[in-house]
Amino acid sequence: MKTLYHYVCILAIACFAFVSCKKDDKLSPSGNPQADPLEVTSGAPGTVIVLTGQGLAGMKSIIFETGNVPAGFNPAFNNDHALVFRVPDTAAAGQQDIILTNMLDKQLRVPFNVTPLPSVATVSDYNFTPAVTQLTLNGNYLNDVTEVTLTGTGAKASIVSKSQRQLVVTLPQTEVSRTKLDIRSEAGEITTTQEFVNVDQAFRLFTDSYQNGFEGWGWGAVTISTATFKSGNASSKMVYGKGGWSANGMANWGDGMAKNADLKFLSFWIKGGSQDYTLYLTSDGRTAGFGNADRSTPIRVPADVWTYVRLDLADIGLWSKGNAFKQLGLWIEGPDAQDETFYLDDVIFFK
């Protein structure tokens with residue numbers, strides 16, 4: 001692919017070739033601008049376009065017709081015989097005209113096909129129940145997606161709906177523990193940077209209810225709430241008393257959770273309180289024990305939104321004191337102003 005440097009060189013040569021022209025002739029807009037056929041007739045956002053022709057000086061706007069999307073350009077890269085600009089990041093996909101208008105309001109139309117790859121910036125959840133959970137992927141150029149598959153498996157997801165900025169899918173039945181997604185469109189294929197965890201294959205401490213022998217436990221009130229949740233229909237509600245420096249979470253007073261070398265990660269969703277707080281992971285299996293003294297794993301929790309937390313088990317030492325832990329929770333320094341309530345959902349361990 002030709003570089004911007006190469007195109008600037010072309011423009012410089014064009015300027016030099018017409019150095020004998022008067023300055024006004026070079027920069028004054030023409031009543032009859034004309035364009036040569038484009039060398040590059042299609043491309044993704046960011047593609048450099050060099051337009052050559054006659055009477056191209058004095059351009060004031062460049063618009064990609066579908067959606068009336070403007071393309072910025074540097075007037076220094078515009079003379080009577082050349083103009084350099086890029087396909088804008090927000091250009092709509094598909095065949096359309098690029099409309100160039102000069103200072104005399106004379107227009108020039110050049111056909112171009114915008115062929116962007118889809119992109120995914122954010123997702124509604126990182127967990128899924130196969131054939132049940134609908135995941136919403138937010139990004140750009142998602143309306144042209146033709147197929148979504150689990151990376152490395154070829155298993156196809158069902159496309160529920162799609163628009164330029166949003167794609168809704170249901171992932172298929174699968175035995176994989178976690179997966180990225182391959183997203184295909186006519187322009188090509190991308191693999192998401194986001195990774196999705198199969199809840200059916202996870203070791204669950206809480207998903208709508210406490211599981212595997214665990215129950216809500218802490219120094220404050222810990223209950224199940226159906227008032228708010230990230231998925232399903234319930235979450236674990238934890239109340240931290242004013243000035244208590246308390247620890248809340250869950251416990252298994254029987255055998256606890258045995259160490260399993262196959263498990264690699266702990267993840268959960270947490271909904272914040274009335275303001276931003278830092279909470280700290282605590283467990284009786286860690287060196288510091290369960291309580292309000294261990295600051296080695298801080299977790300920043302923004303106010304009143306659900307935040308996804310994923311921790312590498314190799315970093316947090318849940319079995320530092322033996323082959324099982326019985327208590328797992330979060331402690332808070334304070335709160336100082338008032339009681340605060342946090343919610344946990346989808347507390348899981350996975351491979």
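The values are calculated or read from the model by the stated rules, or taken from the named source; none is laboratory data. Just so it is clear, the model here is predicted, and its values are computed rather than measured. Cβ: placed from backbone, ideal geometry, glycine included. Neighbour counts: every protein chain shown. With ligands, DNA and RNA removed, areas are computed over all heavy atoms of the protein, side chains included. Shrake-Rupley method; radii C 1.70, N 1.55, O 1.52, S 1.80 Å.
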Practice task
List every residue whose amide H lies under 5 Å from the amide H of Ser274, counting only residues 5 or more places away in sequence or on a different chain, with H placed 1.01 Å from N in the peptide plane.
Solution key: Thr341
Fill in the blank from the handout: Non-local residues with an amide H under 5 Å from the amide H of Ser30, with H modelled 1.01 Å from N and Pro and chain starts lacking one, are Ala57
Handout entry: In Hz, Karplus ³J(HN,Hα) per residue of the stretch 80-87 (6.51, -1.76, 1.60; θ = phi - 60°; x = Gly, Pro)
Key = 5, 10, 7, 8, 10, 7, 10, 5
Completion exercise
Over all pairs of different Cα atoms in the stretch 149-281, the reciprocal of the mean inverse distance gives a Kirkwood radius in Å of 18.1
Completion exercise
Per the Cα gyration tensor, the chain corresponds to an equivalent ellipsoid with semi-axes, largest first in Å, of 58, 22, 17
Exercise for the section: Calculate the tail of P(r) for the stretch 298-337: the fraction of all Cα-Cα distances greater than 13 Å, expressed in %. Expected result: 71
Completion exercise
For the stretch 103-155, one quarter of the surface area of the C-alpha convex hull, expressed in nm², comes to 6.7
Problem - Sequence-distant residues sharing a close amide H with Ser61 (under 5 Å, placed H) - result: Thr101
Practice task
Give a quick list of chymotrypsin sites (Phe, Trp or Tyr not before Pro) in the stretch 158-207 that DSSP marks as loop, anything other than H, G, I, E or B, with at most 16 other Cβ atoms within 10 Å.
Solution key: none
Practice task
With everything on Cα atoms, drop me the angle between helix 4-17 and the longest principal axis of the chain, reported from 0 to 90° to the nearest 10.
Solution key: 20
Fill in the blank from the handout: With +1 at each Lys and Arg Cβ and -1 at each Asp and Glu Cβ, the charge dipole magnitude of the chain around its Cα centre, to the nearest 20 debye, comes out at 360
Problem - Percent accessible area from carbon and sulfur atoms, the chain, protein chains only, probe 1.4 Å - result: 49
Handout entry: Spin-label model distance (nm) - Asp339 vs Asn113, 7 Å beyond Cα toward Cβ
Key = 6.5
Practice task
Pull out the extension gain between Asp200 and Val160, defined as 0.36 nm times the separation in residues minus the alpha carbon to alpha carbon distance; nm, one decimal.
Solution key: 12.3 nm
Practice task
Would you mind getting the accessible area per residue of the stretch 166-298, heavy atoms of the protein chains only, 1.4 Å probe, in Å²?
Solution key: 43
Practice task
Could you list the trypsin sites (Lys or Arg not before Pro) in the stretch 191-243 that lie in coil according to DSSP, counting only those with at most 14 other Cβ atoms within 10 Å of their Cβ?
Solution key: Lys242
Problem - Segment Arg184-Arg295, length gained on full extension (0.36 nm per residue, minus Cα span) - result: 35.6 nm
Practice task
Could you please state, rounded to a whole Å, how far the C-alpha centre of the stretch 185-215 is from the C-alpha centre of the stretch 234-280?
Solution key: 18
